[in-house]
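What follows is a set of notes on a single structure, which appears directly below.
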Amino acid sequence: GLKHRREVPGKSAIFSGEHFVLEETDWYLLNLFRLWWHYGISFLRLQMWVEEVMEKFMRIYKYQAHGYAFSSLEELLRSLGGDAFVNMTQRSVAESLLEVGVTQRFVDDVIAAVLRSSYGQSVMVPAFAGAMSLAGAQGSTWAVEGGNKLVCSGLLKLTKANVIPARVTGISLHSSEGRALYQVHYEGSEGQGSAFYDMVVVTTPLHPGRSNFTFENFEPPITDFFRAFQPSVTSVVHGYLNSSYFGFPDPKLFPFASILTTDTPNLFFNAMDNICPVNISAAFRRKQPQEAAVWRVLSQQPLDKQQLKTLFRSYYSVQVTEWQAYPRYDATKSLPPIVLHENLFYLSGVEWVASSMEMIAVAAKNVALLAYNRWHQDLEKIDQKDLMHKVKTEL
C-alpha cells in the first residue's frame, strides 16, 4: 500500500568553500558536456564501476527468493562477487576508482561531495560502502509518500507481531532438552519483566553506549564490538538563504535546491538542501530563492550563530538533531559476525559493509532465512558455493 512520493525538481551543485566546482542545469546533454569538459570520461568509468557492483549485488534477491542464507557477512559477499567483494570492505573507494581510471580531480570534487553528503566521511571509506552510496546518488532512489518510516511500521503491521514496548536490559542463556533457550530481560512502563525465546535477533549496534544491555551465562562471553560511529548533526532551518555566500548577490538568481561540498578544511557543513514535506500535494511548489524556505543542513558539529548567519540572512527557527548516524569506516577492521550463539543472531553488523535501508532489509531477510534453515537443519540452504549455477538449475 505504499506510494512513491512525488518528485519535486531541483538542481544540485558542488561548493568548494569559494566557488561552485560543478553546477547542474535543466538540460541533460549540457550536464554531460560539463562533466566531460571538467573530468573527461571519469564519470563514465564511475558509472560502469557502480553498475558492475550493483549488477552482482542484485543476485542476493534471487538467492533469497530460493531460500538460501549465509552465516557470515564474508560468505554473503563472496557469493555475490567472490573475493573481490570481500576485498572491497578492506580498501578505500578512492583507491578502487583510481585503479579503474577515474581521475584524482573527479574523486576530490564529485566522489568526496557525495560521500560527505551521505556518510559524512571522506573518500577513504571502504569501496563497497562507497559503491552503495554512489549508486543511491544517481537518481534511481525514491521516497515514500507520508515518510520512509512507513516502511518499518507497515512491515511490523504485516507480521502481526506481539510488540512489547520496553527496553531490553539483558539476555541470559539457559537450556531446555539440550537446546539453547534465551531469556530476554526488559524494563517498561509497568516495571521489569522477562520472557524465554528459542531464537533472538539483536538489531541494535553492539557498541559501547549504544546497546546498554548485557549477555549472561555465555561461554565464550559475548562482548561489544569496539568500533566508533560517525557523529552527524542535522539542522532544519526555516529562513532566508544567504545566497551571497555562494556567489549570488541577487537571491532571485540562485538556482540550486541542493548544495554538496568538497573536502575543504574551512567548510563547516557537509551538505544542505531545500527540503519538501513528506506529503506533497499536486499544488505544491518549491519556494522562490528569495523567499523563506526550510533547509536541512548536515554537519559534523552543531552550527554556531556565526555559521548560521553565514548560511542565512535571517531565520525564524532552527531545530537540531545530533545522532550517531553511520559507522566510522575503518578499512582495516574485520566484519562483525552474524551468529553470536546457536540461535542468537546479530543484524546490525551489516552496517560495516554498507549502511542503508536496503542493506538492512537484505540482512534482515538473510537472518530470517538463516534462522529458519538452521532450525530445520536444512544445511543445503546455508553457505552454498556456486549459487548462480544452482539457482539456474532450480529454475
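For (1) part of a strand (DSSP E or B); (2) buried (at least 17 other Cβ atoms within 10 Å of the Cβ), each residue gets a yes or a no:
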| site | (1), (2) |
| --- | --- |
| ARG296 | yes, no |
| GLN301 | no, no |
| LEU308 | no, yes |
| ARG313 | yes, no |
| GLN319 | yes, no |
| GLN324 | yes, no |
| LYS333 | no, no |
- Of the residues that sit in the stretch 130-184 and are among the β-branched types (Val, Ile, Thr) and in contact with a helix residue (DSSP H, G or I) (Cβ under 8 Å, 6 or more places away or on another chain), which one is farthest from ILE280 (Cα to Cα)? VAL163
- Task: Sort out which residues of the stretch 208-249 are among the small types (Gly, Ala, Ser), loosely packed, with under 15 Cβ neighbours inside 10 Å and either more than 22 Å from ARG328 (Cα to Cα) or without any contact (Cβ under 8 Å) to a residue 60 or more places away in the chain (or both), and write them in order of number.
- Result: GLY209, SER244, GLY247
- Restricting attention to the stretch 71-95, report how many residues are open to solvent by less than 10 Å² (accessible area, probe 1.4 Å) and under 14 Å from VAL391 (Cβ atoms). 1
- Residue ranges of strands (runs of 3 or more DSSP E) in the stretch 217-281 with at least 2 members over 26 Å from the mean Cα position of the chain (by Cα): 229-241
- If you go through the stretch 250-283 one residue at a time, how many are open to solvent by 60 Å² or more (accessible area, probe 1.4 Å) and of a type in the set (A, V, I, L, M)? 4
- Query: Which members of the stretch 62-84 meet the condition of being touching a residue at least 40 places away in the same chain (Cβ under 8 Å) and not hydrophobic (A, V, I, L, M, F, W, C)?
  - Reply: LYS62, TYR63, GLN64, HIS66, GLY67, TYR68, SER71, SER72, GLU74, GLU75, SER79
- Task: Assess whether LYS62 counts as being out of contact with any Gly (no Cβ under 9 Å at 6 or more places or on another chain), basic (Lys, Arg) and closer than 30 Å to ASN366 by Cβ.
- Result: yes
- Query: Going through the stretch 349-363 one residue at a time, which ones are assigned to a helix (DSSP H, G or I) and either modelled with pLDDT of 95 or more or not small (Gly, Ala, Ser) (or both)?
  - Reply: VAL350, GLU351, TRP352, MET357, GLU358, MET359, ILE360, VAL362, ALA363
- Task: Report the residue count in the stretch 15-33 for those that are aromatic (Phe, Trp, Tyr) and open to solvent by 100 Å² or more (accessible area, probe 1.4 Å).
- Result: 3
- Filter pass, LYS392 being open to solvent by 90 Å² or more (accessible area, probe 1.4 Å), in a loop (DSSP other than H, G, I, E, B), charged (D, E, K, R) and more than 30 Å from LYS11 (Cβ to Cβ): no
- Message: Exactly one of these conditions fails for GLU52: (1) at pLDDT 95 or above; (2) crowded, with 16+ Cβ neighbours inside 10 Å. Give me its number.
- Response: (2)
- Task: Looking only at the stretch 134-152, decide whether some residue is closer than 18 Å to ARG91 by Cα, modelled with pLDDT of 90 or more and touching a Ser or Thr at 6+ places or on another chain (Cβ under 7 Å).
- Result: no
- Failed criterion for TYR68 (all others in (1) open to solvent by less than 20 Å² (accessible area, probe 1.4 Å); (2) of a type in the set (Ser, Thr, Tyr); (3) under 30 Å from THR264 (Cβ atoms) hold): (3)
- Filtering the stretch 24-57 down to residues that are basic (Lys, Arg) and out of contact with any Phe, Trp or Tyr (no Cβ under 8 Å at 6 or more places or on another chain), which residue is nearest to THR141 (Cα to Cα)? ARG45
- Check on SER355, of a type in the set (Gly, Ala, Ser), within 30 Å of SER175 (Cα to Cα) and open to solvent by less than 60 Å² (accessible area, probe 1.4 Å): no
- Message: Name the single residue that is nearest to ARG296 (Cα to Cα) among those in the stretch 190-236 being at pLDDT 90 or above and small (Gly, Ala, Ser).
- Response: SER235
- If the Cβ limit is 6 Å and pairs must be 6+ apart or interchain, which residue in the stretch 277-298 that is under 19 Å from PRO251 (Cβ atoms) pairs with which residue that is of a type in the set (D, E, K, R)? GLN290/LYS252; ALA293/LYS287; ARG296/ASP273
- Okay, helices (runs of 4 or more DSSP H) sitting entirely in the stretch 96-203 with 1 or more residues that are open to solvent by 80 Å² or more (accessible area, probe 1.4 Å), I get 149-159
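The values are calculated or read from the model by the stated rules, or taken from the named source; none is laboratory data. Keep in mind it's a predicted model, so treat the numbers as computed, not measured. With ideal geometry, Cβ positions are generated from the backbone for all residues, glycine too; neighbour counts draw on all protein chains shown. The accessibility values were calculated without ligands, DNA or RNA, using every heavy atom of the protein model including side chains. Shrake-Rupley method; radii C 1.70, N 1.55, O 1.52, S 1.80 Å.
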